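Engineer: The structure is given below, and queries will be raised subsequently.
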Amino acid sequence: MKSFAEIISTLLVRHNCVVLPDFGGFVTRVNPAQIDYEKGMINPPRKAILFNQQLTNSDGLLISEYALANEINYTEAQSTITGIIELWNEELKSGKRIEIDRVGELFIDINGKLSFVQDRFFNLLLSSYGLGTVKFIPSHESIEENEPVHEGKTLIERAEDEIDLSIIEHPAKWNSLKTWKYIAAAACIIPIAFYSFWIPTKTNVLESGMISFQDFNPFIKNAPACYKPVKQNLNPDQISDEKSLEDQINELPSDTYSFSYEFDETLFIPIKLNSKPSTNVPVVSTVVSAVQPIITPEIKVNNGTSNTIEFVGVKFGVKYAIVGCFSEVSNAKSYIETLKNEGFNAQFLDVNNGLYRISIDSSTTADSLQSTIQRAKDKGYNTWILK
């Protein structure tokens, strides 16, 4: 959002007159370049700004530019500018100064009149952009008759010895971004050059062909590898063949309902067993068909009764509006009843980390859930979106 003062200075660069409604207008004129032979200075052309308190009728330029810069309509821009002008009048009556960046200052002088002082450090003339004051050696200086002649030195060389010549600085400052580019490049190249020498010479990467994180630490010393054989006294008679799944099932009692199959040391697969066939050798298809997931849809509530809870379930690509998570199912049910009385479609979504999550709406996009979330917020419920 651009400020009011910034828009005024921008318009004065492109236009010669900018009117502030019911306040006054800024009028500019171009002053040509000036040469000061006494001081040895050349000043570039610049815009001189005057303030005319009689220009109060708005031409719409300032209001239109303010509306365009701040993305508002014309009426809102006009109302905002009117409020700013009223605030300026109050501050001027209280003795304060109105400072407009790159333009100047407005104030009430000792005679009670509105006065304006232009900012002398900024040139609003677009054609003079980048031009600064140039210094030169004045040509009116002459050699006194009684002054001794310096052999081997010209008039200009003598003037350089006597006059302290200052370096002419261009208004364009040195861009510090270039300096930071060189620093960043050095910060990247120096570590790469160091590790290009360190890793091949101080580590065993050439022998192993692998690089680890320890290779990048120059303070870690690589200890020589030491192999110690492990003695194992194993009796070949004690090693038995691993039993298959069929053999393990055949060894179970006939009335066994389920069996936990050891897939590896950390994973056990629960298997629900059907009635065993009459033959001693089980068929492989029978064992495979016996592998069924065990689902327990009934959940025990604190009051001792058994109630069935229907979960909506999290579906891929669907977003849910979550209104609460409860560890106790009785509290979750009470909360759902309260939400339904408020007019929400509250349901059990799922159980995550022991918490029952409650949803009041679902959709494929988050934007379509905003109306439900806002309605819940108006009734005092905190809601978040599960993606």
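The values are calculated or read from the model by the stated rules, or taken from the named source; none is laboratory data. Quick caveat: nothing in here was measured; it's all calculated off a predicted structure. Please note: Cβ atoms are built from the backbone with ideal geometry, for glycine as well, and neighbour counts cover all protein chains shown.
Engineer: Residue check: is PRO21 touching a Ser or Thr at 6+ places or on another chain (Cβ under 7 Å) and farther than 16 Å from ILE84 by Cβ?
Structural biologist: Criteria not met by PRO21.
Engineer: Here is a further query. Is it the case that the stretch 70-92 has a residue that's closer than 27 Å to TYR129 by Cβ, surrounded by 14 or more Cβ atoms within 10 Å (Cβ to Cβ) and either among the aliphatic types (A, V, I, L, M) or out of contact with any Asp or Glu (no Cβ under 9 Å at 6 or more places or on another chain) (or both)?
Structural biologist: No - not one qualifying residue is present in the stretch 70-92.
Engineer: Can I ask one more? Taking the stretch 321-336 only, how many residues are out of contact with any helix residue (DSSP H, G or I) (no Cβ under 8 Å at 6 or more places or on another chain) and surrounded by 15 or more Cβ atoms within 10 Å (Cβ to Cβ)?
Structural biologist: 7
Engineer: Return yes when GLY25 is assigned by TED's automatic domain parsing to the domain that holds VAL13 and buried (at least 16 other Cβ atoms within 10 Å of the Cβ) and no when it is not.
Structural biologist: Judged against the criteria, GLY25 is a match.
Engineer: Output the residues belonging to the stretch 38-69 that are closer than 21 Å to LYS135 by Cα and of a type outside the set (Lys, Arg).
Structural biologist: GLU38, GLY40, MET41, ILE42, ASN43, PRO44, PRO45
Engineer: Going residue by residue through the stretch 83-93, is there one that turns out to be free of Cβ contacts under 8 Å to residues at least 24 places away in the same chain and in contact with a strand residue (DSSP E or B) (Cβ under 7 Å, 6 or more places away or on another chain)?
Structural biologist: Yes, the stretch 83-93 has at least one match.
Engineer: Okay, next question. Name the single residue that is nearest to the chain's Cα centre (by Cα) among those in the stretch 93-102 being buried (at least 16 other Cβ atoms within 10 Å of the Cβ) and under 19 Å from THR56 (Cα atoms).
Structural biologist: Within the stretch 93-102, the match that is nearest to the chain's Cα centre (by Cα) is ILE100.
Engineer: Which residues, counting only those in the stretch 49-69, are within 15 Å of SER3 (Cα to Cα) and surrounded by fewer than 15 Cβ atoms within 10 Å (Cβ to Cβ)?
Structural biologist: SER64, LEU68
Engineer: Kindly establish whether PHE107 is surrounded by 13 or more Cβ atoms within 10 Å (Cβ to Cβ), part of a strand (DSSP E or B), assigned by TED's automatic domain parsing to the domain that holds VAL30 and touching a residue at least 60 places away in the same chain (Cβ under 8 Å).
Structural biologist: no
Engineer: Out of all the residues in the stretch 339-359, which are over 12 Å from CYS325 (Cα atoms) and surrounded by 12 or more Cβ atoms within 10 Å (Cβ to Cβ)?
Structural biologist: LEU339, LYS340, GLU342, PHE344, ASN345, ALA346
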